[in-house]
Amino acid sequence: MRCTFILVMDNVVVDDRHYDSVTIEWTTDVTEQEVQDYSQQWITSRNFLTRRMIGLRRVGESSLTIEPHDDIVADEKTWA
């Protein structure tokens, strides 16, 4: 299934530079199991972001939103 992930981080330090807020959004194809795994890791892993993002030294509040999309494929001929 196609999902959009939205990561919002506040009070962030990256490579010794402070940012009040950083938002990263990406869309990708994932299985339902992968979504469940990501959610579980997010909830249970201490320092989840700082261990996975190069240069990220500190994060205050953060949130991860996962938005599934309907699998609708547009026929190119209908747009002509």
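Read-outs throughout are calculated quantities, based only on the coordinates presented, and are distinct from any laboratory measurement. Remember, it's a predicted structure, so these values are computed and weren't measured experimentally. A quick note on method: Cβ atoms are made from the backbone with ideal geometry, for glycine too, and the neighbour counts reach across all protein chains shown.
Angle of helix 32-44 to the longest C-alpha principal axis of the chain, folded into 0 to 90 degrees and rounded to 10: 20°.
Remark: relative contact order (the range 2-79) = 45 percent; criterion is Cα-Cα distance under 8 angstrom and separation of 6 or more residues. Among (i) 1.06; (ii) 1.39; (iii) 0.99, which is the computed Cα Rg over 2.2 N^0.38 Å? For Cα Rg over 2.2 N^0.38 Å, the calculated option is (ii). Placing dummy labels 7 Å off each Cα toward the beta-carbon, the span from Val13 to Asp37 is 3.2 nm.
Starting from 0.36 nm per residue, how many nanometres of slack lie between Ser62 and Trp26 once their C-alpha separation is accounted for?
Values: separation 36, 0.36 × 36 = 12.96 nm, distance 1.61 nm.
That works out to 11.3 nm of additional length.
Using the Cβ-Cβ distance between Arg46 and Met1 with R0 set to 41 Å, the FRET efficiency works out to roughly 0.90.
Neighbours of Leu7 by Cβ distance under 14 Å: Lys/Arg scored +1, Asp/Glu scored -1, total -3.
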